[in-house]
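These notes are about the structure you will find just below.
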Amino acid sequence: MHVLAAQGRCYDRLRPRPTESTLNCFRQFGLAVASFFFACLVAGCASAPPEQEALPPPSFASAPRPDGVFSRIEETIRAKHGDEASGFRLLDRNSEALKWRLVLIDNASHSIDLQYYVWFGDAAGQLLMARVIAAADRGVRVRVLFDDLNTMLIRMTSPELRDAMLARIDRHANIEVRVFNAWHERDWAGRAVEVAADFDRLNRRMHNKQMVVDNRVAIIGGRNIGNEYMGLNGEFNFHDLDVLGVGPVARQASAVFDRYWNSKWVSRIPSSGASAASALTAEMIELPPAAAAHPAMQELIAGARSWSAEVAALLESLSSGRSVVHTDAPSREAGKRNHMPEAFRALMRSARREVLINNAYIIPDENFISDLGELANRGVTVRILTNSLASHDVPAVNAHYEGWRRDILRSGATLHEFRQDPAIKEEFVDTAPVRSGFAGLHTKAMVIDRERSFVGSMNLDPRSFIFNSEMGVVIDSAPVSEALAGRIERDMNPANSWQVTLAPDGALVWKSGAGERTTQPARDSWQRVQNVLFKLFPSSYY
């Protein structure tokens, strides 16, 4: 896993924690060197699906049923706005992102489909999984699809323990767990050998993130399941974005889920994780120790919470619009490109007046810069927000992004970089009473002419363009787009970000409410060292 993490770009939770020792950071760097040579051995090969003894039987999302709270909400939206309309609500605050996932799970009547790149076994992950199991206990059909790289490894000493735990969850009569692009070897030593022998296949990862409940309501966006995505990490938390949608958007999301669930890249929990032990039930983990002990969780872990007030108020908080959910194919065949980058570029190029981009990890290419120039020539205003080195959890990305700053600015676009100490941190990033050390940007969103919006999982970098599968939703709705534009502009405010400009002599200048500087902001000197070291590796790694 660590070799892939160093090579494949340590974003999300493939990277070491920011507080790791310098020794561990150098170990990561050494592994990146090793992975470079592995990559050279297999470069250019077409990805093939992992070998399996037998594919699991296909299954599909059930048709939405006429009962349940989300059915009534959807019927009201349809009656007012038409058959193709869904209702949307942006999930901007981390505390709201966690709460609404709990609301959906606890109010599920028939089905829950979960597709995540990362779901960690920390307080947030344990709490949500306990509620999923509780839903299954009351008869809800649950399908869980994880990328097999490193999900649930937090607080576990080995992949074998993870497999055993997932196998116990899978033994529940109403839960099925599958994994994307499974490792053949299930221990650390075997995986190191497998990386060397089958790197090209292992480098294809499922970065999709979505939850669909009762085929009526979905949450789609950038958040993985883990403490830092929900504002519960005392070291750092992400500023992120999801969108909750009720209506046809849920069926569009289900179609994406089914496409992956039934692909040749997806398999059952490996047999090495099978156990004769009984299946996990909600009674066994309803109050997981790590979750129960977390200072921010006391209100959320109240098992009797009905969420009736939240559900009653949901309809009034939704803005209507039409949607298209886009995704890449589970595999990328030789000579073919991922779908998502071209869908994103087509949406961006369609702008007539304004483009607002909020994306955590940007490593542009000449096509992106050309698009920016073409938009500027047509009089389209383009404003971009991404991470600064100071807010970055992945200095390797910044190492390859920073050389493009001048090109972005010379194209006519305005550039902002997120601060590690934004004014919004207390309200939107940290979940009280947590007070984290710094904030990092993790959002992937865009607004076109304040009429159409994109919210999804795709970063603007080679990793997302070439190696990962991604997904996202394009929403045709002026109210949603105005709301998202307002959030992006708020985050571009000098209290929350640095504006990067070019001085007359060509020097870069960073300006914010914290003052003006001519060197890029950083949290510490080690970030600056990493920023130099990772320039030694191709940008396509990240």
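What follows draws every value from the coordinates through simple rules; no lab data is involved. Keep in mind that what you see is a predicted model, and the values were worked out from it rather than measured. Cβ sites come from the backbone with ideal geometry, for glycine too, and all protein chains shown count toward neighbours.
Overview of values
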{"quantity": "Packing-based exposure ordering (other Cβ within 10 Å, fewest first) of SER464, SER308, SER320", "calculated": "SER308, SER320, SER464"}
{"quantity": "Long-range HN-HN contacts of ASP461 with modeled amide H, under 5 Å", "calculated": "ILE363"}
{"quantity": "Packing rank of 235-246, 509-520, where each peptide gets the mean count of other beta carbons within 10 Å, highest leading", "calculated": "235-246, 509-520"}
{"quantity": "Where only C-alpha atoms are counted, convex hull volume of region 79-235 per residue in Å³", "calculated": "132"}
{"quantity": "Cross-link pairs LYS264/LYS336; LYS80/LYS444; LYS209/LYS444 - those with Cα-Cα distance over 20 Å", "calculated": "LYS80/LYS444"}
{"quantity": "Positive-end residue of GLY226, TRP265, ALA182, charge dipole of region 69-317 with Cβ unit charges", "calculated": "TRP265"}
{"quantity": "Radius 14 Å from Cβ of GLU342, net charge of other residues (Lys, Arg +1; Asp, Glu -1)", "calculated": "+1"}
{"quantity": "5 angstrom amide H check on LEU441, placed H, neighbours 5+ away", "calculated": "HIS239"}
{"quantity": "Three semi-axes of the equivalent ellipsoid, region 321-541, Cα gyration tensor, whole Å, largest first", "calculated": "26, 21, 19"}
{"quantity": "HIS172, HIS416, HIS184 arranged by Cβ crowding within 10 Å, fewest neighbours leading", "calculated": "HIS184, HIS172, HIS416"}
{"quantity": "Three-way shape call for region 322-394 based on the alpha-carbon gyration tensor, with the a/c threshold at 1.5", "calculated": "oblate"}
{"quantity": "Order of HIS326, HIS339 under a 10 Å beta carbon neighbour criterion, fewest first", "calculated": "HIS339, HIS326"}
{"quantity": "Residue-wise HN-Hα coupling along region 427-432, computed from phi with Karplus coefficients 6.51, -1.76, 1.60 (Hz; x: Gly, Pro)", "calculated": "8, 10, 9, 7, 9, 3"}
